[in-house]
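Okay, so here's the structure we're looking at.
The values are calculated or read from the model by the stated rules, or taken from the named source; none is laboratory data. These numbers come from a predicted model, not from an experiment. Please note: Cβ atoms are built from the backbone with ideal geometry, for glycine as well, and neighbour counts cover all protein chains shown.
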Ligand SMILES: Cc1ncc(COP(=O)(O)O)c(C=O)c1O
């Protein structure tokens, strides 16, 4: 097709220029037949123009296929929907921008990039996961249209699932801990899903939000038959890992290649572990020298699991626990069990290079710092991620490039993480002078650094 169009364009252009020369000669001779030649010349020129236009369109399509030139449009075809669904809201999932954080890059002497997942239509990194989980379940018959998809989640996955369910003709039920920011349950309900806010209890308890969600799916199957209830199970469902491997990781990789840069490290905090495992596996596969680090909020046991081989946090010690599940203002990240998605990181030799601990005070301060100096208005897990990106950059030294994720926007966290009243009640207020100066990261604890991963 392309070769044919190229020939048409060349023939058209050559013929029109020959005719133009001939026409000019005839006009000089004052011949009336010049009018006839003029009409043909105009026709050929228009034809050549149309052929050239077609050719350039065909070239654009080819570039989409090779996934480089128009990488963002093509990169997440497996997270965004194909075919008929491309025109609806699901087609807008993925292909988020990778932004360089100017303030942190200047202060570390490294390039610090953040993948702006808050720009997904459902507002978070979980849109990709929800879409892949639901699409897989529909494809393999575990879920049928008209059925209910259920999930136990601190919020973001619930919002994304509620959105995806509506767009795919499904019902949605979400169980979440009652200490999660209220705006998340309001959002889930806005999509027409049902929310049950439950008391935060141990995963071993039958009323842990994950167990409640699993039970609701089983109840729906018992009542209506196979496929009418499906527990999304983002923690153990490897479609979660797959979504990030196929899309988030691939997009970052293509974006860096387009910029002619090499990524030295990727770091992010884990809730289910899907993002770190999926993106990590993809980036490592494309460039084995890229190092993968875990960021961990206070109270979570993953840091110890990665750096010492055992899952234990001081806050877990008898008599020290202040509230369940653990003491942090951050939401969606940190966990005290090893999920199937996280196991991929632990079971792949050389996958994870180390871990970084981040305190709530540092996360709150970082969110205020990048809002003031970079115009980035981020949520709590994104703030943990940016603190860890700085630590990884400082650990690697100047001249490196580090990437992390902005999982959701600060708008999801107005009643807690972005509420001065809430922060002051929890002794987390930030002193303005610490974050107003763009030339110093004085709000970070200098004694905390990257700890290498435990190896047997
Ligand atoms: C806001 C937010 N950020 C980050 C994460 C962590 O991502 P992952 O579950 O892929 O580890 C979650 C998980 O629920 C989340 O809700």
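A few remarks follow.
- Scanning the stretch 377-411 for residues that are assigned to a helix (DSSP H, G or I) and farther than 21 Å from residue 445 by Cβ turns up 410, 411.
- Listed here are the strands (runs of 3 or more DSSP E) enclosed by the stretch 114-198 that have at least 1 residues being closer than 19 Å to residue 242 by Cβ and touching a residue at least 60 places away in the same chain (Cβ under 8 Å): 148-152.
- Residue 280 away from the ligand (no atom under 16 Å from the Cβ) and either modelled with pLDDT of 95 or more or farther than 26 Å from residue 178 by Cβ (or both): no
- Checked against the criterion of being assigned by TED's automatic domain parsing to the domain that holds residue 162, surrounded by fewer than 24 Cβ atoms within 10 Å (Cβ to Cβ) and over 27 Å from residue 301 (Cβ atoms), the candidates 201, 212, 221 yield just one match: 221.
- Failed criterion for residue 100 (all others in (1) under 30 Å from residue 396 (Cβ atoms); (2) within 16 Å of the ligand (Cβ to nearest atom) hold): (2)
- Screening residue 318 against (1) closer than 27 Å to residue 410 by Cβ; (2) at pLDDT below 95 leaves a single unmet condition, (1).
- Of all residues in the stretch 239-256, those satisfying the criterion of being more than 10 Å from the chain's Cα centre (by Cα) and away from the ligand (no atom under 13 Å from the Cβ) are 246, 250, 253, 254, 255, 256.
- Qualifying residue in the stretch 429-443 (condition: within 16 Å of the ligand (Cβ to nearest atom) and more than 15 Å from residue 292 (Cα to Cα)): no
- Selection of the stretch 397-421 for residues being more than 10 Å from the ligand (Cβ to nearest atom) and buried (at least 24 other Cβ atoms within 10 Å of the Cβ) yields 402, 403, 404, 417.
- The residues in the stretch 330-356 that are surrounded by fewer than 19 Cβ atoms within 10 Å (Cβ to Cβ), outside any helix (DSSP H, G or I) and within 14 Å of the ligand (Cβ to nearest atom) can be counted, and the count is 2.
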